Amino acid sequence: MFESSAGIASSHSPHLRKPSTGEPGNSVQEGYVFPLVLGEMKGGNSPLHTTGIMPSPVFLWRFKVVLFLIWGFTCCKIGWDSVMRMSVDLQDLFLYEAFLYYNPLLLLTMMVWLWGVCLWVFSQSTVNYAKIFDLDQNHITHREIWKCSMWMTIIVPTSMTAYLYLYSHGEVSLAASQPVILYVAVALVLVFPFDIFYLSSRYFLLRTLWRIALPLQPISFPDFFLADILTSMAKVFSDLERSACRMVHRQVATIAWFEADSVCGSHSVAIPLVLVIPYIWRLMQCLRQYKDTKEKPTLFNALKYSTAVPVIFLSALKYHVLPDRWTYVYRRLWLFSSVVNSLYSFYWDVTRDWDLSVFTRIFKFNKPSVVSNLLYGRQWVYFWVIGSNLILRCTWTYKLSAHLRHNYLTVFMVTTLEMLRRFQWIFFRVENEWNKITKSGFQQLPMVDIPREDEELLGSTNHNPKKQFAAFWFAPIWRG
């Protein structure tokens, strides 16, 4: 596969056959020469000679980085100058509005980047993620994921810069069209029916989303895995709803939505309804799993997702009840439900999703290896994961509570931290699933013989309490 082209080239290649010149004495052996030498002697412009003068990959990579930095500086400069052109009263207002429209896509772009990192780590380790997610051989790799995220990184901030520039220069109608065009373009790319833009992967994503929204079939691992990620993106769904509402009511680049009690205002009842949707989806999946497996742990998992419902709706009640009643009744109930949801979710992450059921045993390994020996006793890895998960589970309540969302930058930071927590969660969850597969010996079976997720017990008691995560996580580092 990696042999030199001169050794494996076919005799039928047009680049290796010497052009006929009509000179006598040309034998078959004389008709073939090395293409590079031929190009130098005859001064020809053969394709292989052209590749000899192509810039090196390192040069091309540096050139792309320079272009990216120039683009980033240009967007920042134009955006800053555009904001400075506005009056002081309008600056914060329209920065907030621009942030609302582009915040969901920016967070989605970050999640795509992180998913590419996950796939890269899996590809460097012994975890066969293609088998876990039941992917075919044509699935996209981390390189394709990073290409998509790079284009998203370029397009979304460019559209946001255009929005600020056009509005600051009085082109209000053109400014209002920028987020609308971007959202429509993203939707069209997702549903584009032709075989471009990774059709099979887009179809897999849309099919999985459909199965999540309507869990009328046995739940597979990709179904509840993606649904868990969507619970961390509930705020993204809420902002998408508010953005779409303003676009439909033609309130983009206006102050018609500024009234909190307006149809698209911050006190809208649609906000808690959209926030709770991912948790309802996951709750229905757990109930469907119980119907298929009759395992009680799935009911306890459903109870975990149901604890998010009172957190969301009790917070939203602040804008619809008297202040005294909120302070002395509903606020206390909200605090209690927040504590229950955070601690219950943390417990489930550690003991069920990650299978770190006994803290005193999670630092041991089934089969010592070079990596596990080097990391044996370095408990900070697990202390960091467990401690950060507990803290971020508690701060995630901030995002679910509408009455706390006064500063959009703070909300953005909390949402970003939650996605990083979910990114950390992915490694343990996928590794735990792979441990269950390998323990059962399924890795020796053909892909068609691997049972569906509805045959796997999410709350199975056959967990492996001794983790090999350290070897899995640090394998790329030590192999390098």
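It is to be established whether one or more residues within region 369-384 are open to solvent by less than 20 Å² (accessible area, probe 1.4 Å), hydroxyl-bearing (Ser, Thr, Tyr), modelled with pLDDT under 60 and assigned to a helix (DSSP H, G or I).
Checked region 369-384: at least one residue is open to solvent by less than 20 Å² (accessible area, probe 1.4 Å), hydroxyl-bearing (Ser, Thr, Tyr), modelled with pLDDT under 60 and assigned to a helix (DSSP H, G or I).
Conditions first: (1) at pLDDT below 90; (2) of a type outside the set (Asp, Glu); (3) assigned to a helix (DSSP H, G or I). Residue 253 passes all but one, so which condition is the exception?
Checking residue 253 against (1) at pLDDT below 90; (2) of a type outside the set (Asp, Glu); (3) assigned to a helix (DSSP H, G or I), the one that fails is (3).
If I filter region 193-204 for residues that are charged (D, E, K, R) and modelled with pLDDT of 90 or more, do I get at least one hit?
yes
When you look at residue 70, is it in a helix (DSSP H, G or I), of a type in the set (A, V, I, L, M), in contact (Cβ under 8 Å) with a residue 24 or more places away in the chain and open to solvent by 60 Å² or more (accessible area, probe 1.4 Å), yes or no?
It is false that residue 70 is in a helix (DSSP H, G or I), of a type in the set (A, V, I, L, M), in contact (Cβ under 8 Å) with a residue 24 or more places away in the chain and open to solvent by 60 Å² or more (accessible area, probe 1.4 Å).
I need a count of the residues in region 117-172 that are within 24 Å of residue 187 (Cβ to Cβ), under 20 Å from the mean Cα position of the chain (by Cα) and assigned to a helix (DSSP H, G or I).
14
Check 190, 214 and return the single one that is in contact with a helix residue (DSSP H, G or I) (Cβ under 7 Å, 6 or more places away or on another chain), surrounded by fewer than 17 Cβ atoms within 10 Å (Cβ to Cβ) and not small (Gly, Ala, Ser).
190
Give me the helices (runs of 4 or more DSSP H) completely within region 267-349, filtered to those with at least 2 residues that are more than 21 Å from residue 396 (Cα to Cα), ordered by residue number.
Qualifying helices (runs of 4 or more DSSP H): 270-293, 296-306.
Right, residue 299: open to solvent by 40 Å² or more (accessible area, probe 1.4 Å), of a type in the set (A, V, I, L, M, F, W, C) and without any contact (Cβ under 8 Å) to a residue 40 or more places away in the chain or not?
yes
Which ones in region 116-141 are free of Cβ contacts under 8 Å to residues at least 40 places away in the same chain and surrounded by 18 or more Cβ atoms within 10 Å (Cβ to Cβ)?
Passing the criteria: 116, 119.
Going by what's in this entry, would residue 426 be described as within 23 Å of residue 119 (Cβ to Cβ) and at pLDDT 80 or above?
yes
Taking region 433-448 on its own, how many of its residues are assigned to a helix (DSSP H, G or I), surrounded by 13 or more Cβ atoms within 10 Å (Cβ to Cβ) and at pLDDT below 85?
6
The values are calculated or read from the model by the stated rules, or taken from the named source; none is laboratory data. If you're wondering where the values come from, they're calculated on a predicted model, not measured in any experiment. When we count neighbours, we look across all protein chains shown, and the Cβ atoms used for this are built from the backbone with ideal geometry, even at glycine. Surface accessibility is based on the protein's heavy atoms, side chains included, excluding ligands, DNA and RNA. Shrake-Rupley method; radii C 1.70, N 1.55, O 1.52, S 1.80 Å.
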